[in-house]
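The values are calculated or read from the model by the stated rules, or taken from the named source; none is laboratory data. Computed from a predicted structure; not experimentally measured. Don't worry about glycine lacking a Cβ; one is built from the backbone with ideal geometry, like all the others, and counts go over all protein chains shown.
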Amino acid sequence: MAEISTVARPYAQAVFKLAQEAGDYARWTDALTAASTIARDPTMLALIQSPRAESKQLAELFIGVAGDHFDPQAQNFIRLLAENHRLALLPVITELYEVMRAEAEGVLDAEIVSALPIATDQQDRIAAALKARLGREISLTATTDPELLGGAVIRAGDMVIDGSVRGRLHKLAGALT
């Protein structure tokens, strides 16, 4: 997958630079999200991967499906990707763009996975603690996984805090063997 990211990165950087110059990250997020959704569609993906599909027609089809999500700059971006046979990279381009956007805005996406649902006030306290520890705004997503048995696992960037019962049992098993 590193190769795909390497190919997609210059496109994501170019879009990020355009968004940064315009001071409008949300507009590009909307356009890239729509484009990624279209690119993931199985029928569209088959067309993208077809050697018989003409890039101009494919780009116009993409633009037509997206409708109001694409302004003239986004339409030109789609045409460029189609011309270079890179439409299949849109999900990766979107992902890379969102990482750059979050970094520029000082926001870090964090996820907390717990055995049981976590109350909103507890999520707020966890987000505040992560903000104090990492020095960045935190966008926290909470999910449940009953296989954890109890406790929670927090992932923020490359940091992982495993406070789950399952994690502790694995540690104990490792220590005993």
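One table, with the values for the structure above:
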item	result
The stretch 99-127 - residue that is part of a strand (DSSP E or B) and within 16 Å of Thr143 (Cβ to Cβ) and, of those, modelled with the lowest pLDDT	Asp109
Exclusive hit being modelled with pLDDT under 90 and either crowded, with 18+ Cβ neighbours inside 10 Å or in contact with a Cys (Cβ under 6 Å, 6 or more places away or on another chain) (or both), set Phe77, Phe62	Phe62
Residue within the stretch 37-58 that is surrounded by 14 or more Cβ atoms within 10 Å (Cβ to Cβ), closer than 29 Å to Gly157 by Cα and either small (Gly, Ala, Ser) or touching an Asp or Glu at 6+ places or on another chain (Cβ under 7 Å) (or both) present	yes
Count of the stretch 75-124 residues which are farther than 30 Å from Gly150 by Cα and in contact with a strand residue (DSSP E or B) (Cβ under 9 Å, 6 or more places away or on another chain)	6
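Residue-wise test of (1) touching a residue at least 40 places away in the same chain (Cβ under 8 Å); (2) surrounded by fewer than 12 Cβ atoms within 10 Å (Cβ to Cβ); (3) outside any helix (DSSP H, G or I).
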site	(1), (2), (3)
Tyr97	yes, no, no
Ala129	no, no, no
Ser139	no, no, yes
Val153	yes, no, yes
Ile161	no, no, yes
Leu169	no, yes, no
Gly174	no, yes, no
